[in-house]
1. Could you give the dipole magnitude of the stretch 429-573 about its Cα centre, charging the beta-carbon of Lys and Arg +1 and that of Asp and Glu -1, in debye to the nearest 20?
2. Assigning unit charges at the beta carbon (Lys, Arg +1; Asp, Glu -1) and nothing else, what dipole magnitude in debye, to the nearest 20, does the chain show about its Cα centre?
3. Seen from all sides and averaged, what is the projected area of the convex hull of the Cα atoms in the stretch 208-256, in nm²?
4. Considering Cα pairs under 8 angstrom that are at least six residues apart, work out the relative contact order of the chain and quote it in whole percent.
5. For the chain, what is the mean residue ellipticity at 222 nm derived from helices alone (per DSSP H run of n ≥ 4: -39500 (n - 2.57); sum divided by total residues; nearest 500 deg cm²/dmol)?
6. Enumerate the lysines that residue 260 could reach by cross-link, defined here as Cα to Cα under 27 Å, with residues fewer than 8 away along the same chain left out.
7. Among the aspartates and glutamates, which fall within straight-line cross-link reach of residue 173, defined as a Cα-Cα distance under 12 Å, with same-chain neighbours fewer than 8 residues apart omitted?
8. Which of the lysines could a cross-linker bridge to residue 408, judged by Cα under 18 Å and excluding same-chain residues fewer than eight apart?
Amino acid sequence: MRSANKTFHIYLLFVSFGFFSCIPGSKFDFTKRNAEISVSVPQIEGAGDKRGRYEISGNEFIISTDHPLASKAGIDAWKAGGNVVDAFVSASFAVSVVRPQSTGLLGGGFAIVHFPGKKIKKAFDFRERSPKKGKAELYLDQDGKPIPGKTLNGPYAAGVPGIIQGLVLIQKKYGKLPLEKVIEPALGFARRGFPVYLDLAKTIEFNWKHMNPEMKSIFGKEDRPLREGENLIQEDLAQVLERIQTNGDLEIRRGVTAEKIVSYYSGFDQFMDANDLDSYQVFESEPIAGTAFGKTLLTMPPPSSGVHMLTIFQTWNELNLKKNLPAGETGKIINLTEAMRVGYRDRADFGGDPRFTNVDVAKFLSVDYAKSEANEIEKKIVSGAWANGSSSLKQESYNTTHISILDKEGNAVSSTQSVNGSLGAKVVVPGTGLILNNTMDDFSVAPGVPNLYKLVGSEANKIAPGKTPLSSMSPSILLDENGKSEIVIGAPGGSQIPTTIINTLIRYKKDGYSLYESASYPRLHHQFQPDILFVEPELKSVFPEANLPFYKVQYIRHWAKVFAVAREGDKLIGVSDPRGEGIPLSF
Ligand code: DON
């Protein structure tokens, strides 16, 4: 890949300013930049010019999120005497207000919390669950075919939400500041509003026709979608946040907000009922761990795809040790692609909620398994026995979000949160300002029927009452030799989440690029089905496609965005993906 000698101008920035020029009344100006240097690293278009905004360094604390106001909420919590968890909870509430297309308080997520000094390593699953009335037949016609759009738009697309319960629990267990305090920034953004930015304006316009009237009244004006630069005020949501300040998660379990959701569903067969909301459980466990670059990589257990991401890393490592496989750039691409195919094949065959189906984590994480998969791949390549599939992916808009946080002691939080598709189910529950998720689409409605991200699943991911859908979200933390957090990383981007983390870490830890260059390096993605190698367009002119006759290659902009923070000696480095609108901040 290093042979892709396109020269880009890359700007080095050592101080924390940037992005506040988009906030009314801000004294910051993000057009300033420092020294300019030239390097030869393949980068996505515009990455050099954007470096000033998307990269930062610091000494004590660093955060990277999907919106400047969310990063600011996080750093303000830190400055107010909070710890990484306070920063995380504050940034999470804030981002759910300022990126409603990506996440929201009726969504769900995963978080890894690490306090090495206290020997605390926890994985929290606060993802949506199927309501008790959830069953596959609801989404199929008489011929057993999926009813178009039913898992994507409208009331039946939503799972029982878990974000409020998850954030309140994590804050209570590990935060230092009062819940009321960490919710304050979000409340301000909802009540006073913030300027609609380009990505949000485009998403509102694109989804306008699917929105229910309540949603149009919030995201529109004079019966048309809000435009870039107009102020988005979410007063009902501000009132929900105020009630959470007082009632904590009881608000979503049996408070006024719960009553409004139940009342909305009285018009839809009580698909989600009072008991679904009240009985929601956050699941708390140990993160799972595998090996990457000789170090321990912590990630989320199933129903996350973290386990398959670890299989990919470990299989890739074994392939790199083989002597009979192609060398050079071609070899690197084959090793990575083949390892990805293994992980996504396992995901399609076995991925699902471990409370309902057996996901053999110990096997998938064992070195023996990685070795045996690498042996099979070697046989296949040496014998030339390749088969090609086809199909394609179209570019999707951005949604879902990730927060990475690290302090100088190695305390860290890595969390991915979502309402699934852009603006979830396109339904605002009347009187709440809250958008229903459309995470029922993450189940496989029928074996082999692809979902929004063209992912297929098996019986293991079939809808069942109370079940959690399989997820690609894989918040991760790489540990150093002393067990402290070294890199905190994650991404939104549906099926591309695990491969985005893998691409970025390989560039950073193996190829030696800076964290920013690694984030903006064009990526490769293979998800087993469709059987296509997806390559970002900047590599097209140099990609050795002719030497890879066994892959179908599609050049497409990837929609995943990486948010990573890392410790380099005494310094903390943070990056947000130049493919998105986020921003890292430091202290
Ligand atoms: O959990 C999942 O796998 C999906 N709901 C994530 C969706 C996502 O990342 C969308 N981003 N483009």
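Each reported figure results from applying straightforward, stated rules to the coordinates on display, with no laboratory input. The shown structure was predicted, so the numbers you read here are calculated from the model rather than taken from an experiment. Please note: Cβ atoms are built from the backbone with ideal geometry, for glycine as well, and neighbour counts cover all protein chains shown.
1. Values: 14 positive and 14 negative charges, 39 e Å.
My answer is approximately 180 debye.
2. Working: 68 positive and 65 negative charges, 110 e Å.
Magnitude of the dipole: close to 520 debye.
3. Values: hull surface 18.0 nm².
If I average the Cα hull's projected area over directions, I get 4.5 nm².
4. Working: 1424 pairs, mean separation 137.0, N = 587.
Here the relative contact order equals 23 percent.
5. Numbers: 17 runs with 186 residues, N = 587.
Calculated at 222 nm, the ellipticity per residue is -9500 deg cm²/dmol.
6. Reachable lysines: 132, 133, 135, 150, 172, 181, 209, 216, 221, 426, 467.
7. Here the aspartates and glutamates satisfying the reach criterion relative to residue 173 are 86, 284.
8. 79, 118, 119, 121, 176, 484, 571
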